[in-house]
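The values are calculated or read from the model by the stated rules, or taken from the named source; none is laboratory data. The model shown is predicted, which means the values in this text are computed figures rather than measured ones. Cβ: placed from backbone, ideal geometry, glycine included. Neighbour counts: every protein chain shown. Calculation scope for accessible area: heavy atoms of the full protein, side chains included, ligands and nucleic acids excluded. Shrake-Rupley method; radii C 1.70, N 1.55, O 1.52, S 1.80 Å.
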Amino acid sequence: MENTVFTINNLNLYYDQFQALYGIDMKIKRNEVTALIGPSGCGKSTFLRCLNRMNDLIEGCNITGEVKFNEKDVYMNSYDVINLRTKVGMVFQKPNPFPMSIYDNIAYGPRCQGIKDKKVLDDIVKKSLTKAALYDEVQDRIKGSAMSLSGGQQQRLCIARAIAMEPEVILMDEPTSALDPIATLKIEELINDLKKNYTIIIVTHSMQQAARISDKTAFFLMGVLIENDSTNKIFTQPKNKKTEDYITGRFG
Amino acid sequence: MSNKRIRIDRFYQFMTYSAASIAVIILSMIIIFVISNGSGLLNFGLVVNDYHAKFYNGGIDNNITFSQTERPESLTSEIYYSEKWGIGLIEEENREGNTIISVEYIDIDSPLRNMRDKNNDNNSLSLSEGSIVSSIKFYDKNSALTIHGAEHMINELDTSDDFREIVYSSLGGGVRGSIITTLYIIGLTLLIALPIGIFTAIYINEFAKKNRVTSLIRSMIEVLTGVPSIIFGLMGLAVFVPLTVKYTQADSANLLSGSLTLAVILLPIIIRSTEESLKVVPDDFRTASLALGANHTQTTFKVVLPSALPGIMTATLLAIGRIIGESAALIFAIGTAIKDDISIFGKSTTLSVHIWSLMTDEPANIELASTIAIIILIIVLVLNLIVKLIAKRFTKNFG
């Protein structure tokens, strides 16, 4: 299996006249956690959404350049977006379970792909909940409403929901920013577990979090990728002055 | 300064309190008016009876054996009783306010229990309690009519062994037919309008691109909401009545054409309120669904629509209220004929139009109209509860 999951070449993104990303070049390795850091509005979330083409939903959004997922450019006309999104899952900033039961939430993705066999679905639900470290907490109310879970549980449910599709990559857009420290810790532990099987790309505002959980860190500023290296190097010996200023807290 | 603020505060509070109390007072005045006027006539018979009285002409065979039955003690003093014929008559007022003579008691052995149907020789007739006797015609003396009174009728019966015919009828004035028509209309109209309205709203809100054409459609729907219903009624008469006459067995204005007309009236209301409830579904649900590899249609029908269901239920309730309340359009589109045998392809009338036709009578029958108003209130209340129950079942997991 190829070691590089995403290869991004000269990616530019425009919202109508406004350019949000400038010539991004980047490689993302399999089974690593890549953290995207940078001040608000620097384009890191926008970049993340390019990877599973969620920016398609935004009107007036134009993209040039290449985003290769497993060697294929996802912005080719013939590329199957639905297929891409099943392979590249996403977890959002705010926990957003559907107003259905826990079971239906996780079975939603597989059902949309046409899986109807109840045994298969039961199996998927149980596996996904276990992988997301939620099964023990909810096993007795799996048919209960997902809205009754706590914020941290809801976010883990969303991760379980993404895992249910058996993706290769999980994109996480500030997954802990709406959670308390204890729930955050649980999610971070979970990310540590998950990286054995999945490639994880996480946008975060917390530099400590990036330092704790990621293998690679990419620093964005004003839509430009300033520096991209192993986390250790970025936080101890950044090459660029701007990166140093940001991680030492001089701005942002 | 602070004194002024207090005064301004008080003024605004006074305004809100008084506005709210005026609203409550008006509402209770309407309900009190309707109940005080109409509760007198409200009984079970009104709901199940036919509107048109059925008339019978009964005759008797000559060889009757009279068994003198004594007056039962349970009969009150206003009842005139004939021991010979075993029948007790009473003078009453019917729902239209006219005096009638009705059968209050009839003995089990009374010869009037076994009469010949003068209109159909193979049929036998049995006078029963609650029937209204309008006249008894004798061979050898003048007929006893309602205007002569119950006492006269009993006296005439007692003094003869025979009569040519007794004309009696069932008690009319019931609203059974109108209730059934109303329920039919509600069902048919919702059946037509709900799917079209909901799918249109989904198209406008979820699928259509936001451009000039869709905003034009939207503003046209808004204009339609403001069109007086009588104009829709004219359209029903000009379009739906001929259409249904041509393609169904109907031969004039009918229930189906009425439902179609009402459906057109309801469409803008349903579209608007469904759209509102689709708009408040958080975009988070849509992006989450799409990010899971669902396509647009799956997202719309599996996530967005169920989340909007409570709002759609409210739209349905509004629609039901509008259907029950509508009279102007229906006067044209179904006609005002009050019927007892209801068919989808036949003329008949809803409760609201029933009220209208009672009030256009000369003199207007406010009492019966108020009674029907009570029935309408009850129907609205019951349907409200049913829809709320359904909504509760559907939205168990929501919220």
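Figures for the structure shown
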{"read-out": "Tally of residues being touching a residue at least 12 places away in the same chain (Cβ under 8 Å), open to solvent by 10 Å² or more (accessible area, probe 1.4 Å) and at the interface with another protein chain (Cβ under 9 Å from one of its Cβ atoms) across region A:109-124", "value": "1"}
{"read-out": "Residues that are at pLDDT 85 or above and over 36 Å from the mean Cα position of the chain (by Cα), drawn from region B:116-138", "value": "B:K137, B:F138"}
{"read-out": "Some residue of region B:236-252 being outside any helix (DSSP H, G or I) and charged (D, E, K, R)", "value": "yes"}
{"read-out": "Criterion violated by A:Y103 - all others in (1) free of Cβ contacts under 8 Å to residues at least 40 places away in the same chain; (2) in contact with a helix residue (DSSP H, G or I) (Cβ under 9 Å, 6 or more places away or on another chain); (3) part of a helix (DSSP H, G or I) satisfied", "value": "(1)"}
{"read-out": "Region B:319-367, residues that are of a type outside the set (F, W, Y), in a loop (DSSP other than H, G, I, E, B) and open to solvent by 40 Å² or more (accessible area, probe 1.4 Å)", "value": "B:T336, B:K339, B:D341, B:S343, B:I344, B:K347, B:D361, B:E362, B:P363, B:A364"}
{"read-out": "Cross-chain or 6+ apart pairs with Cβ under 7 Å, region B:89-101 first and within 12 Å of B:G130 (Cβ to Cβ) and open to solvent by 40 Å² or more (accessible area, probe 1.4 Å), then outside any loop (DSSP other than H, G, I, E, B) and among the hydroxyl-bearing types (S, T, Y)", "value": "B:E92/B:S102"}
{"read-out": "Failed item in (1) away from chain B (no Cβ under 14 Å); (2) under 17 Å from A:I200 (Cβ atoms); (3) of a type outside the set (A, V, I, L, M), with A:P167 passing the rest", "value": "(1)"}
{"read-out": "Criterion (at pLDDT below 90, more than 19 Å from the chain's Cα centre (by Cα) and closer than 19 Å to A:A20 by Cα) met by exactly one of A:I58, A:I63", "value": "A:I63"}
{"read-out": "Unmet requirement for A:Y79, which otherwise passes all of (1) over 22 Å from A:M207 (Cα atoms); (2) of a type in the set (F, W, Y); (3) away from chain B (no Cβ under 14 Å)", "value": "(3)"}
{"read-out": "Top-ranked residue in region B:287-298 [being in a helix (DSSP H, G or I) and open to solvent by less than 10 Å² (accessible area, probe 1.4 Å); ranked as farthest from the other protein chains (Cβ to nearest Cβ)]", "value": "B:S289"}
{"read-out": "Any chance B:P282 is in contact (Cβ under 8 Å) with a residue 60 or more places away in the chain, in the same structural domain as B:L260 (by TED's automatic domain parsing) and open to solvent by 30 Å² or more (accessible area, probe 1.4 Å)", "value": "no"}
{"read-out": "Residue list for region A:48-76, filter: open to solvent by less than 50 Å² (accessible area, probe 1.4 Å), assigned to a helix (DSSP H, G or I) and within 9 Å of chain B (Cβ to nearest Cβ)", "value": "A:M54"}
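Listed here are the residues, each with its yes/no results for (1) farther than 20 Å from A:F6 by Cα; (2) surrounded by fewer than 19 Cβ atoms within 10 Å (Cβ to Cβ).
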| residue | (1), (2) |
| --- | --- |
| A:V203 | no, no |
| A:D215 | no, yes |
| A:A218 | no, no |
| A:L225 | no, no |
| A:S230 | no, yes |
| A:T236 | yes, yes |
| A:G249 | yes, yes |
